Amino acid sequence: MYEYLLFFHILGMAMWLGAGFALNVLMARGNSGKNPALGPALGPEMEFFGKAVFAPLTLFVGATDAWLVAETNTAWTEPYVLVGLAAFAISMLMGPLWMGRNSAKLGATIAEHGPTHADVAKYRARLKGGAIFLLLVLVVTTYFMVVKPG
């Protein structure tokens, strides 16, 4: 059972990390001004992506993590377990409270005032910062998961 749990845990983590990386690339491209149609579309798409991709992956990875800890009698105080739990908590809180809200505000601002409104840049900057932070959280978590320092 352990091998299957580990496989699905790593698969979920790889999808989570890959989705975060891809979203950062899309945001950079949309914010660069080189693709004028992409920028305005990012707000609503990011909101959808968070609900349809990130939330389920976060829950899946968290569940397989907990199951692996229970299956292997690993201590919940192991550094790599604590980092994984912290990443889960950060993602579950920051996703809807920061990324979701700012994505919704970006989409609403663009719909109401157009893509050149001053608040568009503010919401894009918030989303960019949040996305980079979450990607770094996932990279650090992956490091702890693989290397298991401490």
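Just so it is clear, none of the values below were taken in a lab; they were calculated from the coordinates. Just so it is clear, the model here is predicted, and its values are computed rather than measured. Every residue, glycine as well, gets a Cβ built from its backbone with ideal geometry; the counts of neighbours run over all protein chains shown.
A compact table of results
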quantity	calculated
For the chain, alpha-carbon Rg relative to the globular expectation (2.2 N^0.38 Å, N residues)	1.16
Hz values of 3J(HN,Hα) by residue in segment 112-126 - Karplus curve (6.51, -1.76, 1.60), Gly and Pro given as x	7, 10, x, x, 9, 4, 4, 5, 4, 4, 4, 5, 5, 5, 4
Packing rank of 108-115, 43-50, 1-8, where each peptide gets the mean count of other beta carbons within 10 Å, highest leading	43-50, 108-115, 1-8
Per-pair calculated FRET efficiency, R0 = 22 Å: Ala89 and Ile10 via Cβ, rounded to 0.05	0.60
Residue-wise HN-Hα coupling along segment 83-92, computed from phi with Karplus coefficients 6.51, -1.76, 1.60 (Hz; x: Gly, Pro)	5, x, 5, 5, 4, 4, 5, 4, 5, 5
Length added when fully stretched, Val147-Arg101, from 0.36 nm per residue minus Cα-Cα	13.1 nm
Expected 222 nm ellipticity per residue - DSSP helices of 4 or more, -39500 (n - 2.57), all of the chain, to 500	-27500 deg cm²/dmol
Gain in span if fully extended, Val25 to Ala125, counting 0.36 nm per residue against the direct Cα distance	34.6 nm
Nearest-0.05 FRET efficiency for Ala75 and Tyr2, computed from C-beta distance (R0 22 Å)	0.85
In sequence order, calculated HN-Hα J values of segment 9-24 (Karplus, 6.51, -1.76, 1.60; Hz; x Gly/Pro)	5, 5, 4, x, 5, 5, 5, 5, 5, x, 5, x, 5, 4, 5, 5
Max mean-square fluctuation residue, GNM over the chain, Cα-Cα springs under 10 Å, options Ala28, Ala41, Ala75	Ala75
